[in-house]
Amino acid sequence: MTLHTVSELLSNNNILPEVEIKGWVRTFRANRFIALNDGSTINNIQCVVDFEKTDETILKRITTGAAIHIKGELVESQGKGQKVEIIVKSLVILGDSDPETYPIQPKKHSFEFLRENAHLRTRTNTFSAVMRLRSALSFAVHKYFNDHGFFYMHAPIITGSDAEGAGEMFRVSNLDAKNPPLTEQGAVDYSKDFFGKETNLTVSGQLEAETYAMSLGKVYTFGPTFRAENSNTSRHLAEFWMIEPEVAFMDLAGNMDLAEDFLKYVLKYVLTHNREDLDFLESRLLDEEKTKPQAERSEMSLIEKLDFVIDNNFKRVSYTEAIDILRNSTPNKKKKFKYIINEWGTDLQSEHERFLVEKHFKCPVILFDYPANIKAFYMRLNEDGKTVRAMDILFPGIGEMVGGSQREERLEVLKEKMAALDIDENELWWYLDLRKYGTAVHSGFGLGFERLVMFATGMTNIRDVIPFPRTPQNAEF
Ligand code: 4AD
Ligand code: MG
């Protein structure tokens with residue numbers, strides 16, 4: 001007999017004389033009813049034990065968290081709450097779980113507590129649902145690109161360049177940190193380092209993806225990226241996964257179309273394929289909303305939010321238009337923005353982004369044509385000489401979901417830009433080669449996968465949508 005999964009058995013409409021299942025006990029009630037979960041679905045299967053025929057010592061070992069092996073008969077359930085249940089014929093304890101010390105009790109735990117037990121938190125309904133959705137979303141990412149003629153490219157994790165020019169990198173080195181070799185001038189001598197130069201963990205696979213776009217046409221990367229930015233917020237991780245498509249012969253307008261179509265596709269994918277998990281998370285959020293004062297409650301439920309994004313066009317607004325709106329607005333009648341935008345050219349703060357998305361337009365917004373001075377060196381300069389073909393996609397409750405641009409394809413303009421920013425041409429000679437040999441218009445974007453998972457699951461802290469979060473002062477597990 002092959003092992004069944006809970007998911008299979010619950011969707012089985014026929015009774016089965018012989019079933020076999022392994023899983024973890026969620027609860028054991030009245031010495032009779034085991035709620036068993038094996039991770040295959042949010043739902044538990046009820047297993048009914050005949051306590052009169054079962055050894056007392058075994059009954060005592062059916063505790064929350066224990067791993068068990070059950071053989072029995074799948075029958076129509078006599079009780080309410082489930083269609084089918086298993087009448088247990090044989091039960092073996094595979095792994096005990098001491099109820100005195102097991103951290104995951106059958107009660108509501110705070111997310112803070114569960115973060116400290118990240119190795120066990122997927123044994124709860126909420127985290128198992130979130131991580132199944134994370135898995136489904138990543139499958140949908142690959143499916144979308146594969147169905148649209150993109151090739152998957154693996155960008156390197158260790159690089160010698162700083163793609164974003166923001167200096168927020170983790171150094172990779174095998175030098176003795178306490179006693180590094182020094183140059184005659186007394187600086188650390190990186191020529192003695194493993195790679196013979198300074199290297200770091202990648203902040204983005206974009207520059208490498210550009211090289212592949214300029215040969216394979218349509219490519220994407222999807223891998224871990226690292227930022228040593230010291231921002232302890234609910235939207236930043238030091239290690240996060242980024243999806244970065246890059247397409248030759250595509251301009252900024254095409255880039256916006258691609259990003260919007262892609263986002264709608266992956267959200268629709270989970271709405272269609274992961275409905276049980278989404279329904280569970282939606283009801284969890286509705287319960288949470290009830291504890292808030294009326295004025296603070298969300299206007300839409302989780303599923304309504306997802307449907308809304310799928311069914312409506314994203315609003316496309318230039319930076320200049322956005323600044324005009326912000327200058328003539330206040331977040332509410334009494335309050336001004338904390339940070340007042342006086343001049344064209346200042347970067348937007350998250351309070352401004354939130355205002356545009358959540359109060360003004362009330363839908364996802366694509367902001368484009370940003371001032372050149374607040375964006376990265378590789379973005380295509382517009383004919384006005386002061387804005388670049390950049391786009392950020394802002395989402396309600398999340399803020400920046402996507403950052404992308406058309407790339408500067410003109411060798412001379414790119415060189416000037418790099419010189420102005422003190423970026424060494426010798427470091428990026430290979431990147432400049434793309435502009436020397438067969439250069440062409442090309443564009444791409446980066447989407448923070450965890451921010452997408454946050455939006456799809458309604459989770460409000462980025463630490464709760466990645467298995468083992470890496471944040472300042474925290475790399476437990
Ligand atoms: O806007 P960013 O910095 O853009 C780039 O890295 C470009 N090279 C992408 C490209 O054009 N190929 O980052 C892209 C996205 C952000 O919009 C955000 O969603 C996410 O990555 N992101 C983070 N997510 C979690 N934690 C962080 N510390 C993040 N930093 C950026
Ligand atoms: Mg950005």
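Rounded if a/c is under 1.5, else prolate if a/b beats b/c, else oblate: with a ≥ b ≥ c from the C-alpha gyration tensor eigenvalues square-rooted, which is segment 1-133? Write down the numbers at each step before the final one.
Details: a/c = 1.98, a/b = 1.33, b/c = 1.49.
The shape class here is oblate.
Restriction of the GluC sites (Glu not before Pro) in segment 119-184 to DSSP coil positions whose beta-carbon has at most 13 other beta-carbons within 10 angstrom yields GLU184.
Under a 5 Å amide H cut-off, with hydrogens placed 1.01 Å from N, VAL84 pairs with SER77 among residues at least 5 apart or on other chains.
Computed from Cα atoms, the angle from the helix 302-311 axis to the main principal axis of the chain rounds to 40 degrees. On a 0 to 90 degree scale, rounded to 10, what angle separates helix 252-273 from the longest Cα axis of the chain? For helix 252-273, the angle is close to 0 degrees.
Taking Cα centre as origin and charging only the Cβ of basic (Lys, Arg, +1) and acidic (Asp, Glu, -1) residues, the dipole magnitude of segment 93-155 rounds to 280 debye.
What does the charge add up to near ALA35, with Lys and Arg as +1, Asp and Glu as -1, over the other residues with Cβ less than 9 Å from its Cβ? Summing Lys and Arg as +1 and Asp and Glu as -1 gives +2. In sequence order, segment 356-367 has phi-based couplings of 4, 7, 8, 9, 7, 8, 6, 6, x, 10, 9, 8 Hz under the Karplus curve 6.51 cos²θ - 1.76 cosθ + 1.60, θ = phi - 60°, and Gly or Pro positions carry x.
Sparsely packed loop sites in segment 1-98 (the GluC sites (Glu not before Pro) outside DSSP H, G, I, E and B with at most 16 other Cβ atoms within 10 Å) comprise GLU52.
Determine the sum of side-chain charges near THR5: Lys and Arg each +1, Asp and Glu each -1, restricted to other residues whose C-beta is under 14 angstrom from that of THR5.
Details: positive: LYS22, ARG132; negative: GLU8, GLU20, ASP38, GLU276.
Taking every other residue near THR5 into account, the sum is -2.
With unit charges on the beta carbon (Lys/Arg positive, Asp/Glu negative), name the residue among VAL25, ASN44, GLY79 whose Cα is farthest towards the positive pole of the charge dipole of segment 6-102. Ranked along the dipole, the leading option is GLY79.
To the nearest ten degrees, helix 206-216 and the longest principal axis of the Cα atoms of the chain are 90 degrees apart.
Just to confirm the filter: which GluC sites (Glu not before Pro) across segment 321-405 are DSSP coil and have at most 15 other Cβ within 10 angstrom of their Cβ? Walk me through the numbers before you get to the answer.
Working: sites: GLU321, GLU343, GLU351, GLU353, GLU358, GLU383, GLU400; in loops: GLU343, GLU383.
When the GluC sites (Glu not before Pro) of segment 321-405 are filtered for loop state and at most 15 Cβ neighbours within 10 Å, GLU343, GLU383 remain.
What the phi angles of segment 54-59 give under the Karplus curve with 6.51, -1.76 and 1.60, with θ = phi - 60°, is a coupling list of 9, 4, 3, 5, 5, 3 Hz, glycine and proline written as x.
Residue separation of THR27 and LYS338 scaled by 0.36 nm, minus their Cα-Cα distance, works out to 107.0 nm of gained length.
Only the coordinates and a few stated rules stand behind these numbers; no lab work does. Predicted model only: the values in this text are computed from it and were never measured. Positions of Cβ are backbone-derived with ideal geometry, glycine not excepted, and every protein chain shown enters the neighbour counts.
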